[in-house]
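Each reported figure results from applying straightforward, stated rules to the coordinates on display, with no laboratory input. Here the structure is a predicted model, which is why all the values come from computation and not from measurement. Backbone-built Cβ (ideal geometry, glycine too); neighbour counts: all protein chains shown.
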Amino acid sequence: MNYERSREFLKELEKPTIIYHKDADGVCSSALLQEMVSGNALPNNGPGIQLGEDLLESLKDSESVVFLDIPVDQLSVTEELDQKVFVLDHHPPEKDLTDGNILHENPRFNDAEKYLPASYLVFRLLEDKKEVAWKAGVGVVGDHGVEDCQDLFEIIAEENPDVVREGEYTYEDIKEGKLGMIADMIEASKVVEGLDGIRKAQKVIKEASEPNDVFSTDLKDFYEIYMKELEIEKEKFEREAEYFSKSNSYLYEINSEYSLVSDLATSMSNQKPEAVVIVYERSREGMKISGRCQSGRIDVSEIIKYAVKGHGSGGGHPQAAGGFVKKDKEKVALERFRERLEGVS
Ligand SMILES: [Mn+2]
């Protein structure tokens, strides 16, 4: 990651369109980048890391493009753009896109083990903007990146001592504090209002001058709706999930007007770290799946890949993974889950 080279490259861009990942890190890194470049910021609008056709088409007319927190090296979008493109990402890279008009920065090119979320990287690009360090803190805690970003939290503790106390900065402490709550509020905006919610959250973070500003916005309402709905689903999970005692596993179908599949899986897994938790939701398009096993006792990524094989896609980490099954193949996938969860011990 060469900060000086990135600054030079960004200086040459006039009003780039900034495409950011639709999560707390994407929201915060784009709000921070708007401190140094003027340009519109839009969330990526496809499923997962994808960009919708309409968004990609509209990018062809913009002067230049910045991709933030999106592993576009796994997509083919940059091949379709001939203007200047800056890619700033921290996901495990598949290839280096740097070439002619494209500058691709990722700290993992030099150090595969370093985990520095996009918000941290953009904050470092800014230089001398300590008053907005807390925005980077929100993105970093949203991405579980506190450990490798200790220097950032030292700055926040100096600037906002009421928000982060000086000392050791652990994920648990930061998550439980105001910065963690703001990260959850951004997530809640997406769950409750989808992309509109994410856009509102981005605007709120961009305009806020201190963390407390965020607590008197729409985001607070989204957060309350979200927490209430999550509580209802957690209770239903306890009553209705199929339990497989031999493997200590749960299989649960969620049916909510909000998109809570992965949040419910995370939440139940926090309560039952030894158990395998599989949550799924059917829709007109097919079936979305989220799996967790906090202790790592059983590799959920492997189980999901097995269940969706030939009928969709899936993957992730051993402790946390996701998948999707095409319409009319839900039954096949569920039978495979049951077969595996009954058998594994
Ligand atoms: Mn990120």
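Would you please classify the overall shape of segment 3-181 from the alpha carbon gyration tensor, given that a ≥ b ≥ c denote the square roots of the eigenvalues, rounded means a/c under 1.5, and beyond that prolate means a/b larger than b/c while oblate covers the rest? It is prolate, given that a/c is not under 1.5 and a/b is the larger ratio.
Taking every pair of Cα atoms in segment 46-152, average 1/r, invert it to obtain the Kirkwood radius, and report Rg/Rh to two decimals.
Ratio value, two decimals: 0.98.
For segment 245-251, 3J(HN,Hα) computed residue by residue from phi via the Karplus equation (6.51, -1.76, 1.60; θ = phi - 60°) reads 5, 4, 9, 6, 10, 10, 10 Hz, glycine and proline entered as x. Averaging the sequence gap over all C-alpha pairs within less than 8 Å and six or more residues apart, then dividing by the number of residues, gives segment 241-343 a relative contact order of 24 percent. Rounded to whole numbers, the Karplus 3J(HN,Hα) couplings from phi for segment 81-94 are 10, 10, 8, 5, 10, 10, 10, 10, 9, 9, 6, x, x, 9 Hz, using 6.51 cos²θ - 1.76 cosθ + 1.60 with θ = phi - 60°, and x at Gly and Pro. Karplus-derived 3J(HN,Hα) values for segment 16-30, using 6.51 cos²θ - 1.76 cosθ + 1.60 with θ = phi - 60°, are x, 8, 9, 9, 10, 5, 7, 8, 4, 5, x, 4, 6, 5, 6 Hz; glycine and proline are entered as x. Working ranking of peptides 143-152, 115-124, 62-71, 272-281 by packing, defined as the average number of other Cβ atoms within 10 Å per residue, highest first, is 115-124, 62-71, 272-281, 143-152.
Between the listed residues ASN212, TYR258, SER29, the Cα displaced farthest toward the positive end of the dipole of the chain, a dipole computed from Cβ unit charges relative to the Cα centre, is found at TYR258. Taking packing as the residue-averaged number of other Cβ atoms within 10 angstrom, the listed peptides 82-92, 245-255, 224-234 run from highest to lowest as 82-92, 245-255, 224-234.
For segment 241-343, a simple Cβ point-charge model (Lys and Arg +1, Asp and Glu -1, everything else neutral) yields a dipole of about 260 debye relative to the Cα centre.
Size of the chain: Rg and Dmax of its alpha carbons, in Å, are 20.4, 61.
The convex hull built on the alpha-carbon positions of segment 105-164 has an orientation-averaged projected area of 3.9 nm². Taking all Cα pairs closer than 8 Å and separated by 6 or more residues, the relative contact order of segment 3-181 comes to 20 percent.
From most to least packed by mean Cβ count within 10 Å, the peptides 174-185, 321-332 give 174-185, 321-332.
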